[in-house]
Ligand SMILES: [Mg+2]
């Protein structure tokens, strides 16, 4: 769908226009590769997808009176994941989770996903001894989450690339005018969040420690994660986007503003305050810090994919939504000169909470 170069002769362009081979991967396995992806994509997803992979465009039919929510996210090897550290299934899961989390924060339900992959050739071929390829295992992780979230894969692109990269586009739907925005928070409201904080950052520390130890021992290029460590690493490797919680907050008209914590609480709360024109105060002792994580990891660790939202003090906010705990962590204040945008209140007193989360190109 993108990047058409008439000089490239590619039979796939005629056969599989909505999941096509770009400047193809070449080789005899290419057609099989794409038809394999198409087969895995069929039979899943929202009813709004009236035409999926196979024509020049996918067709989507939202319900009458709905707005479409669209988000895109690019993951690059060496920047957002490491081929040596991350299991391929985790990279597939995380690629989709990043997009789904943006839909969740707006209260949207997923309709369709579009996935473009740039991959070195060796990642698309089977392992020696007939094992699954990196791409196969990437798709295992991708489709497991796609099916659980009713996000149909409706198209994409595949091309050879010296660096592995995965770009995801998500289309969602939300009743007209009802999407949860970053800009709706008002002074006097209460600040809430779903789940716990710091688990993903703590798990990432654990994973990088494991990888460094393996490198020091000159172990194989791909990191083997011991089974016993699996559950501890889940918050980083397989984070859950809070789709049910976002849609609940939208439907019940409880939240006045929302954002997903993808870059860290300190950074994303700053974004919410900025867009709403308010300040905020967070109580350190109220933060639901994940077992084994530090306060610093909870404040600044990214890739949590929990939702941060505001509601009037009079609103009835449940203790949990669809099995995920909800915690009041602070309040929204009027913005004024001499007051930090975000204040952290703890037993030691109050201090300005600067954004130290993930910032691109810094
Ligand atoms: Mg977001």
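The values are calculated or read from the model by the stated rules, or taken from the named source; none is laboratory data. Quantities reported herein were computed from a predicted structural model and do not represent experimental measurements. Here the Cβ positions follow ideal geometry from the backbone for every residue, glycine too, while neighbour counts run over all protein chains shown.
If we keep just the residues of the stretch 50-77 that are touching a residue at least 24 places away in the same chain (Cβ under 8 Å) and in a loop (DSSP other than H, G, I, E, B), which is nearest to the ligand (Cβ to nearest atom)?
Filtering the stretch 50-77 for residues that are touching a residue at least 24 places away in the same chain (Cβ under 8 Å) and in a loop (DSSP other than H, G, I, E, B), the one nearest to the ligand (Cβ to nearest atom) comes out as 62.
Restricting to the stretch 78-110, name every residue that is part of a strand (DSSP E or B) and either within 16 Å of the ligand (Cβ to nearest atom) or at pLDDT 95 or above (or both).
Kept after step one, since they are part of a strand (DSSP E or B), are these residues of the stretch 78-110: 81, 109-110.
Of everything in the stretch 78-110, those that are part of a strand (DSSP E or B) and either within 16 Å of the ligand (Cβ to nearest atom) or at pLDDT 95 or above (or both) turn out to be 109, 110.
Residue by residue, here is whether (1) touching a strand residue (DSSP E or B) at 6+ places or on another chain (Cβ under 6 Å); (2) within 26 Å of residue 303 (Cα to Cα); (3) at pLDDT 95 or above; (4) surrounded by 11 or more Cβ atoms within 10 Å (Cβ to Cβ) holds:
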residue: 314; (1), (2), (3), (4): no, no, yes, no
residue: 321; (1), (2), (3), (4): no, yes, yes, yes
residue: 332; (1), (2), (3), (4): yes, yes, yes, yes
residue: 347; (1), (2), (3), (4): no, no, no, no
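Restricting to the stretch 251-266, give me the number of residues that are closer than 13 Å to residue 300 by Cβ, surrounded by fewer than 24 Cβ atoms within 10 Å (Cβ to Cβ) and either away from the ligand (no atom under 12 Å from the Cβ) or without any contact (Cβ under 8 Å) to a residue 60 or more places away in the chain (or both).
1
Based on what the data block shows, is residue 355 surrounded by 15 or more Cβ atoms within 10 Å (Cβ to Cβ) and part of a strand (DSSP E or B)? Let's see the steps before the verdict.
Numbers: surrounded by 15 or more Cβ atoms within 10 Å (Cβ to Cβ): yes; part of a strand (DSSP E or B): no.
Spelling it out, it is not the case that residue 355 is surrounded by 15 or more Cβ atoms within 10 Å (Cβ to Cβ) and part of a strand (DSSP E or B).
Can you name the number of the only condition in (1) modelled with pLDDT under 95; (2) under 30 Å from residue 278 (Cα atoms) that residue 220 fails?
With respect to (1) modelled with pLDDT under 95; (2) under 30 Å from residue 278 (Cα atoms), residue 220 is out only on (2).
For residue 291, indicate whether it is surrounded by fewer than 18 Cβ atoms within 10 Å (Cβ to Cβ) and under 21 Å from residue 206 (Cβ atoms).
Numbers: surrounded by fewer than 18 Cβ atoms within 10 Å (Cβ to Cβ): yes; under 21 Å from residue 206 (Cβ atoms): yes.
It is true that residue 291 is surrounded by fewer than 18 Cβ atoms within 10 Å (Cβ to Cβ) and under 21 Å from residue 206 (Cβ atoms).
Residues 184, 198: which one is surrounded by fewer than 24 Cβ atoms within 10 Å (Cβ to Cβ) and in contact (Cβ under 8 Å) with a residue 24 or more places away in the chain?
Values: 198 fails: surrounded by fewer than 24 Cβ atoms within 10 Å (Cβ to Cβ).
Answer to the check: 184.
Is it the case that residue 285 is over 30 Å from residue 75 (Cα atoms) and touching a strand residue (DSSP E or B) at 6+ places or on another chain (Cβ under 9 Å)? Before the answer, list the steps.
On the way: over 30 Å from residue 75 (Cα atoms): yes; touching a strand residue (DSSP E or B) at 6+ places or on another chain (Cβ under 9 Å): yes.
For residue 285, the condition - over 30 Å from residue 75 (Cα atoms) and touching a strand residue (DSSP E or B) at 6+ places or on another chain (Cβ under 9 Å) - is met.
Based on this model, can you work out whether residue 297 counts as part of a helix (DSSP H, G or I), away from the ligand (no atom under 15 Å from the Cβ) and surrounded by 22 or more Cβ atoms within 10 Å (Cβ to Cβ)? Steps first, please.
Details: part of a helix (DSSP H, G or I): yes; away from the ligand (no atom under 15 Å from the Cβ): yes; surrounded by 22 or more Cβ atoms within 10 Å (Cβ to Cβ): yes.
Spelling it out, residue 297 is indeed part of a helix (DSSP H, G or I), away from the ligand (no atom under 15 Å from the Cβ) and surrounded by 22 or more Cβ atoms within 10 Å (Cβ to Cβ).
On the basis of being within 21 Å of residue 47 (Cβ to Cβ) and in contact with a helix residue (DSSP H, G or I) (Cβ under 6 Å, 6 or more places away or on another chain), does residue 145 make the cut? Break it down into steps so the answer makes sense when it comes.
Values: within 21 Å of residue 47 (Cβ to Cβ): yes; in contact with a helix residue (DSSP H, G or I) (Cβ under 6 Å, 6 or more places away or on another chain): yes.
Here the answer is yes, as residue 145 does meet what is asked.
Given the conditions (1) away from the ligand (no atom under 15 Å from the Cβ); (2) within 21 Å of the chain's Cα centre (by Cα); (3) not in a helix (DSSP H, G or I), and given that residue 248 satisfies all but one, which numbered condition is not satisfied?
Only one criterion in (1) away from the ligand (no atom under 15 Å from the Cβ); (2) within 21 Å of the chain's Cα centre (by Cα); (3) not in a helix (DSSP H, G or I) is unmet by residue 248, namely (3).
Would you mind telling me which numbered condition in (1) modelled with pLDDT of 95 or more; (2) within 16 Å of the ligand (Cβ to nearest atom); (3) within 18 Å of residue 305 (Cβ to Cβ) residue 166 fails?
Status for residue 166: all satisfied but (2).
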